[in-house]
Amino acid sequence: MTAVTQVRGGRAVRVGPVSASLRWRDAAVPVLAFAALVILSAVSMGRGDFPLAVPDVLRTLVGLGKGPQEFIVLELRAPRVVVGVLVGLAFGVAGALFQTFARNPLASPDTLGITTGASAGAVAAIVLTGGTSTGAVLGGLGIPVAALLGALLSGLLLFALTWRAGVDGYRLVLVGIALWSIGTALVDWLLTNAEIYDAASAYVWITGSLNARTWDHALPLALALAVLLPLALAATRTLAVMQFGDDTARGLGVRLSGAQAAVVLIAVGLVAFAVSAAGPIAFVALIVPQVAVRLTGGSRPPLLASGLVGALLVVGADLVTRTVLPEALPVGILTAAIGAPYLLWLLVRGRRGSTL
Amino acid sequence: MTIETGLAPPTTATAPVRLAAEHVRLAYDDRVVVDDLDLELTEGSFTAIVGPNGCGKSTLLRALGRLLRPTAGQVLLDGRAISRTPTREVAKILGLLPQTPVAPEGLTVGDLVARGRHPHQTWLRQWSRDDEAVVAEALAWTDMTELASRPVDALSGGQRQRAWISMALAQGTDLLLLDEPTTYLDLSHQIDVLELVERLHAERGRTVVVVLHDLNLAARYAERLVAMKDGALVASGTPDEVLTEQLLADVFDLEARVLPDPVAGTPMVVPVRRLR
């Protein structure tokens, strides 16, 4: 075909009955991000009281390590990094889904109150059962399950309150802000009534931390991603059309209410499992899709690239908090420190009316 | 002028009916906008729906394009209830252009037009040779090939409307519904867009329904006018039959002279003053 490059920005790729239009940056960014992620993860696993070189870490990961190295890498350090990777992946993809869906770069699980719901659940589990015997239900569930339930509950509330024969992006953001303030009020109320020791540990959780993660934290999130990530990627084609607004999308044959419900529920599920594993690591879901869309140069946040950039950000921020900063801070403090100025820049830069 | 209950005029009676509204009632929440309306659109016709602001013409168009579900009655596409036809099937037969469509920031014209192929594609077959040929042709036909790599948001209003029409063309539907495609355009670009739509009808055999505000342009380009007032269909027929001084007074509260357009010979409205 001669018209290949004139018609679309991408190159036509056709193998048998399979065909697509691919832009090289859409392929190159995920590949490079993945390579960088492998290296950064290996560096992160090598750092600590017993330093290991990157080749040693990589050798251990593929099963060629020596006894003590194997224990240090696979049992002590890998779970933390793997949880970081999975959480970043989930937040990045969920952020891209929300922002594309709401046609608004400010839509994210942070601003929509979903992570706040998780915080309320987790803080309740910490505070209400704290120290003594008032344990009851929440304590028995444990913090991750309480956080998961909190996130799912606020996510479903968000969906139910926004739904009117479809989900309007603008309404989604407004309902989300309302839920966010309710969740914040709930967290504050629980904290003011908490024992000082409980309040301190609740605060660490709210910030989002990868400290003392084990494979038990990674497994549920890995399973959730195994189900939800393919579903999200399968929705890519529909998302591309949903960007045009409801009428055009329906005119092009999209079953809009079903597609909207699917996208919101996939995103809520991703956030709920991620936040349950590591707490609400602030701003990752907000900034990552916007960084990824600038890297790929497309018209909407790319899902896979957003996930990989999210993983890079979380693992990188965790590495910095552990090694460069004088004190071992929770990773969420650093992502918030990067994220808040970025948010201001996004607002000051004044994007077009249709997106903000 | 033929005051009538809504059946198609005899001039097009031989062609098959493609799209029809049967006793439709259209409402937003509890507010009924259109009640018990009948309309038939035949193969290869070019119809303009006219009427004062708030008469329900855009609402009717939305219902014809299955964007709004009637609370009573039904819309039939090729004799089959459109609400019970899979929306993807409908999208292969009927294309629509909303009043102010939005393109995402940074999307190129080529990629916009390529989205018109959506109903014909699957997850595996996202950009077939057919798709590419149809899109290239749609761009060429609307004179947009040179602008294919430009972002839609960098185009002028007239060019942008051409890009959207190009996308509708790439969708490859027999029927095309357009909601005020000339809004916000200056007169020469209004003519440009309507010439394009007229060519779609004449050269590509599209059945066209367009909501228009400008009566003179509607009379010049459409074969058939449908006039609405207060959610009811008041008149339907050729521009000569519909655009009479009496109808302008009844429907638009307008005292006007109707003269033959010196260029096209179609009726031309020259307003005198507003009545009441």
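All told, B:Leu185 falls short of being out of contact with any Pro (no Cβ under 7 Å at 6 or more places or on another chain) and buried (at least 22 other Cβ atoms within 10 Å of the Cβ).
Yes/no matrix, rows are residues, columns are (1) of a type outside the set (S, T, N, Q); (2) away from every other protein chain (no Cβ under 14 Å); (3) in contact with a His (Cβ under 6 Å, 6 or more places away or on another chain):
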site	(1), (2), (3)
A:Ala12	yes, no, no
A:Phe34	yes, yes, no
A:Ile39	yes, yes, no
A:Met45	yes, yes, no
A:Leu52	yes, yes, no
A:Arg59	yes, yes, no
A:Val83	yes, yes, yes
A:Leu89	yes, yes, no
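The residues on offer are B:Ala91, B:Ala63, and the sole one that is part of a helix (DSSP H, G or I), hydrophobic (A, V, I, L, M, F, W, C) and within 10 Å of chain A (Cβ to nearest Cβ) is B:Ala91. From the list A:Gly10, A:Gly67, the lone residue that is of a type outside the set (S, T, N, Q) and surrounded by fewer than 16 Cβ atoms within 10 Å (Cβ to Cβ) is A:Gly67.
Which ones in region A:243-282 are free of Cβ contacts under 8 Å to residues at least 40 places away in the same chain, within 11 Å of chain B (Cβ to nearest Cβ) and either of a type in the set (Phe, Trp, Tyr) or part of a helix (DSSP H, G or I) (or both)? Passing the criteria: A:Phe244, A:Asp247, A:Thr248, A:Ala249, A:Arg250, A:Gly251, A:Gly258, A:Ala259.
Restricting attention to region B:237-259, the residues that are closer than 13 Å to B:Ala222 by Cα and part of a strand (DSSP E or B) add up to 1. Just the residues that are outside any strand (DSSP E or B) and closer than 14 Å to B:Leu39 by Cα, please, taken from region B:207-236. Within region B:207-236, B:Gly231 is the sole residue that qualifies. Could you tell me which residue of region B:108-133 is farthest from the other protein chains (Cβ to nearest Cβ), considering only residues that are buried (at least 21 other Cβ atoms within 10 Å of the Cβ) and not in a helix (DSSP H, G or I)? So the residue we want is B:Arg117. Any residue at all in region A:181-188 that's away from chain B (no Cβ under 14 Å) and within 30 Å of B:Leu97 (Cβ to Cβ)? Scanning region A:181-188, I find no residue that is away from chain B (no Cβ under 14 Å) and within 30 Å of B:Leu97 (Cβ to Cβ), so the answer is no.
Rundown of residues vs (1) surrounded by fewer than 20 Cβ atoms within 10 Å (Cβ to Cβ); (2) part of a loop (DSSP other than H, G, I, E, B); (3) aromatic (Phe, Trp, Tyr), yes/no style:
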site: A:Leu161; (1), (2), (3): yes, no, no
site: A:Val175; (1), (2), (3): no, no, no
site: A:Trp180; (1), (2), (3): no, no, yes
site: A:Thr184; (1), (2), (3): yes, no, no
site: A:Asp188; (1), (2), (3): yes, no, no
site: A:Leu191; (1), (2), (3): yes, no, no
site: A:Ala218; (1), (2), (3): no, no, no
site: A:Ala226; (1), (2), (3): yes, no, no
site: A:Leu229; (1), (2), (3): yes, no, no
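Go through region A:172-182 and give me each residue that's over 18 Å from A:Gly258 (Cβ atoms) and of a type outside the set (Val, Ile, Thr). Those that are over 18 Å from A:Gly258 (Cβ atoms) and of a type outside the set (Val, Ile, Thr): A:Leu174, A:Gly176, A:Ala178, A:Leu179, A:Trp180, A:Ser181. Looking at region A:223-242, can you tell me whether even one residue there is closer than 18 Å to A:Ala122 by Cβ and away from every other protein chain (no Cβ under 14 Å)? Yes, because at least one residue in region A:223-242 is closer than 18 Å to A:Ala122 by Cβ and away from every other protein chain (no Cβ under 14 Å).
Strands (runs of 3 or more DSSP E) fully within region B:1-58 that include at least 1 residues being at pLDDT 95 or above, among the aromatic types (Phe, Trp, Tyr) and within 28 Å of B:Gln246 (Cβ to Cβ): B:46-50.
For B:Leu68, the conditions (1) outside any loop (DSSP other than H, G, I, E, B); (2) under 19 Å from the mean Cα position of the chain (by Cα); (3) over 25 Å from A:Leu22 (Cβ atoms) are fulfilled apart from (1).
Answer yes or no: is there a residue in region A:25-35 that is aliphatic (A, V, I, L, M), in a helix (DSSP H, G or I) and at pLDDT below 85. Among the residues of region A:25-35, not one is aliphatic (A, V, I, L, M), in a helix (DSSP H, G or I) and at pLDDT below 85, which makes the answer no.
Put simply, of B:Ala168, B:Ala163, B:Ala138 the only residue that is more than 10 Å from chain A (Cβ to nearest Cβ) and in a helix (DSSP H, G or I) is B:Ala163.
The values are calculated or read from the model by the stated rules, or taken from the named source; none is laboratory data. Everything quoted here is computed from the prediction, not taken from an experiment. Cβ coordinates were reconstructed from backbone atoms using ideal geometry, including for glycine residues, and neighbour counts include every protein chain displayed.
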